[in-house]
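Below is one structure, written out as structure tokens; comments come after it.
The values are calculated or read from the model by the stated rules, or taken from the named source; none is laboratory data. The structure presented is a predicted model; accordingly, all values stated were derived computationally and were not measured. Cβ: placed from backbone, ideal geometry, glycine included. Neighbour counts: every protein chain shown. Ligands, DNA and RNA are excluded from the accessible area calculation, which covers all protein heavy atoms including side chains. Shrake-Rupley method; radii C 1.70, N 1.55, O 1.52, S 1.80 Å.
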Amino acid sequence: MTNIQEKIQEELKEAREVCDVNGKDSPECAAAWDAVEELQAEASHQKDNEPHKTSLEQYCDDNPDAAECRLYED
């Protein structure tokens, strides 16, 4: 699990706890869920910014010893 995914899980747990203690309609509960939503949006933006790999690049990541993935230097 990535670092941001771990943080999202932590914030989800905290938001549930805050809402249980303060009530679902409390400002604290709303703020806790806002924090979760912001982290989820950031995770989505990070995923969008990742360079997309070609099928060959993905294959070579999964099979680095394959003949098709050998790198030769001049």
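Give the residues of the stretch 22-74 that are assigned to a loop (DSSP other than H, G, I, E, B) and under 16 Å from Ile4 (Cα atoms), sorted by residue number. Step through it out loud before you land on a result.
If we filter the stretch 22-74 for residues that are assigned to a loop (DSSP other than H, G, I, E, B), which is where we start, we get 23-26, 50-54, 63-66, 70-74.
Listed by number, the list holds a single entry, Glu50.
Scanning the stretch 8-32 for residues that are open to solvent by 50 Å² or more (accessible area, probe 1.4 Å), acidic (Asp, Glu) and under 17 Å from Ala43 (Cβ atoms) yields Glu10, Glu14.
Residues in the stretch 47-66 that are open to solvent by 90 Å² or more (accessible area, probe 1.4 Å) and of a type in the set (S, T, N, Q): Asn49, Ser55.
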